[in-house]
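The values are calculated or read from the model by the stated rules, or taken from the named source; none is laboratory data. Just so we're clear, the structure is a prediction, and the values are computed from it rather than from any experiment. Methodologically, a virtual Cβ is constructed for each residue, glycine included, from the backbone with ideal geometry; neighbour enumeration extends over all protein chains shown. Calculation scope for accessible area: heavy atoms of the full protein, side chains included, ligands and nucleic acids excluded. Shrake-Rupley method; radii C 1.70, N 1.55, O 1.52, S 1.80 Å.
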Amino acid sequence: MSDSWTMSAKVNKGKTSLNALLVGKTGHGKSATGNSILQEKLFSAKSSMTSVTKSVSLGFSENGNERILVADTAGYADTESDRSGGKTENVQLVIDQVKQALVMFPPGYDAILYVTRFDIRYTAEEIETFQIIRKVIGSTSFKRRGILVFTHGDAFEQEEIGMSFNDWCSGQTGHFKTILNHFGKRVVLMNNRADAETKASQLNQLLTEIRYVQQTSKYNRYSMSNFIASEEGRSQIVDYYKKDDMVRSVEKRVTEISQRLKKLNGSPLQKIRSAQSIQSCIASEIQNIESEDKGTGLFESQLKRLDLLKQTAEDVKSRAVKEDREEKRLEAIRQRKLELEQEREMLEERRRWQERELERELEEKARKRSEYARQKQKEEEVWKDMENIVRTGAVVISVAKVAWTIFRALRG
């Protein structure tokens, strides 16, 4: 890209140059603003919280006798890097982008344009982003060479009819005013989707502000020497966010342990095992954090939380042990009750069997008595028959005897 600058410088020899560096948050319209300044779509732009610009892009154009150069950088708080390296990576991204822009265009930049959306709430997060970028380029760079550019200007036109933008800015307070104060009155409202006439008016206002900065700084551009001079501030902010990311990482791990503890469920035995596992995890985490802390006290809050979680895990385990003992006691009672019930059923079955046996025995005795009675009756009947026979025989004999007696008498 330095070759592109050299070639452009030769072609535009004798022309006045205006050079602008675009910085800001991802998705706030830096690339679209660059295209509006150059009056040509040279930078890829779309509404997204994931940065379309991945590296510094330079764009050139001419406006009458002026040669305009714009450097478009990747935005801060890119969601892709936020997923991987946290804020430290985002800060480093801004540092690398600004440095790359200065390497690509060594003469430096007349103005630094901080591009931000008009149609958002200026929260502490927005202020933090601004302060990070301010410290990366140098704490006084915005005051000397900065221009605040608000995009999505159509939102102002729709909501604030009847009041000029400058009057509206003068009446602001809070976080919004904090940002405004760093740029003095160098504020421009842009609507990158406006009609050609409005865009021309916006461009003229912005170029006027860049010329003003150029003149007041006596053409002393923001260059690598300025960037190097603010190295200490960058180191401080990188160190701060490294620590911040470390704290966030530790806090995340502690929170995950806390969530595990809150979701602990199951049987008492499962709770005991889970609590023991969490206690082991807490002990390991405390050891790791103390090793990372190195006595600085950076993770004091997280260590206190872990101590509380450790005690909570112990309490959970103790309750689970009591629950386990109570369950075992109740299970023993249930088991004994079952055994007694089984014994009762066995006794009942035995009783029923004995009753059946007794009934069978009584029935058998009754049957035998009945059989004996029938047999006795038969015997009695036989005896009666025999008696009858005997009686009959006796009568016959008696008759015979009488007959014999008569017979003998008759013969005699």
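Full extension of the chain segment joining residue 342 with residue 293 gains 11.2 nm, where the gain is 0.36 nm per residue of separation less the Cα-Cα distance.
Of 406, 338, 383, which is farthest on the positive side of the dipole of the chain, counting Cα position, with +1 on Lys and Arg Cβ, -1 on Asp and Glu Cβ, and the Cα centre as origin? Farthest towards the positive pole: 406.
Length gained on full extension, residue 212 to residue 408, computed as 0.36 nm times the residue gap minus the Cα-Cα distance: 51.1 nm. For segment 55-63, the Karplus equation 6.51 cos²θ - 1.76 cosθ + 1.60, evaluated at θ = phi - 60°, returns couplings of 9, 5, 10, 9, x, 10, 7, 10, 9 Hz by residue, with Gly and Pro reported as x. Remark: accessible surface ordering of 176, 60 (largest first) is 60, 176, probe radius 1.4 Å. The residue among 258, 171, 247 whose Cα reaches farthest toward the positive pole of the charge dipole of the chain, with charges on the beta-carbon of Lys, Arg, Asp and Glu, is 258. Distance between the modelled labels on residue 284 and residue 164, one decimal in nanometres: 6.7 nm (7 Å Cα→Cβ projection). In order along segment 280-291, the Karplus-derived 3J(HN,Hα) couplings, from 6.51 cos²θ - 1.76 cosθ + 1.60 at θ = phi - 60°, round to 5, 5, 4, 4, 5, 5, 4, 4, 5, 5, 4, 5 Hz, and Gly and Pro are given as x. In a simple Cβ point-charge model (Lys, Arg +1; Asp, Glu -1; nothing else charged), the chain has a dipole of about 1320 debye relative to its Cα centre. Taking 0.36 nm per residue of sequence separation and removing the Cα-Cα distance, the residue 270/residue 139 pair yields an extension gain of 41.5 nm.
The C-alpha atoms of the chain define a longest principal axis, and helix 86-104 lies at about 30 degrees to it. Rounded to the nearest 0.05, what FRET efficiency is calculated for residue 240 and residue 334 with R0 set to 60 Å and r the Cβ-Cβ distance? E between residue 240 and residue 334, to the nearest 0.05, is 0.45. Taking Cα atoms only, the orientation of helix 300-411 departs from the longest principal axis of the chain by about 20 degrees.
Ranked by the mean number of other Cβ atoms within 10 Å of their residues, highest first, the peptides 244-253, 99-108, 260-269 come out as 99-108, 244-253, 260-269.
In terms of accessible area, using a 1.4 Å probe and ignoring ligands and nucleic acids, 298, 206 rank largest first as 298, 206. By the rule of a C-alpha distance below 28 Å, with chain neighbours fewer than 8 residues away ignored, the lysines paired with residue 304 are 87, 242, 243, 252, 262, 263, 271, 294, 317, 322.
Calculated FRET efficiency, residue 259 to residue 131, Cβ-Cβ distance, R0 = 25 Å: about 0.20 to the nearest 0.05. Of the residues 172, 270, 354, which exhibits the maximal mean-square fluctuation in a Gaussian network model of the chain defined by a 10 Å Cα contact cut-off? Highest fluctuation of the listed residues: 354. Modelled this way, with points 7 Å down the Cα-to-C-beta line, the labels at residue 252 and residue 16 are 5.1 nm from one another. When the charge dipole of segment 257-412 is built from unit charges on Cβ atoms (+1 for Lys and Arg, -1 for Asp and Glu) and taken about the Cα centre, the candidate among 287, 395, 309 whose Cα reaches farthest toward its positive end is 395. Note on residue 333: accessible area is roughly 90 Å² with a 1.4 Å probe, heavy atoms of protein only.
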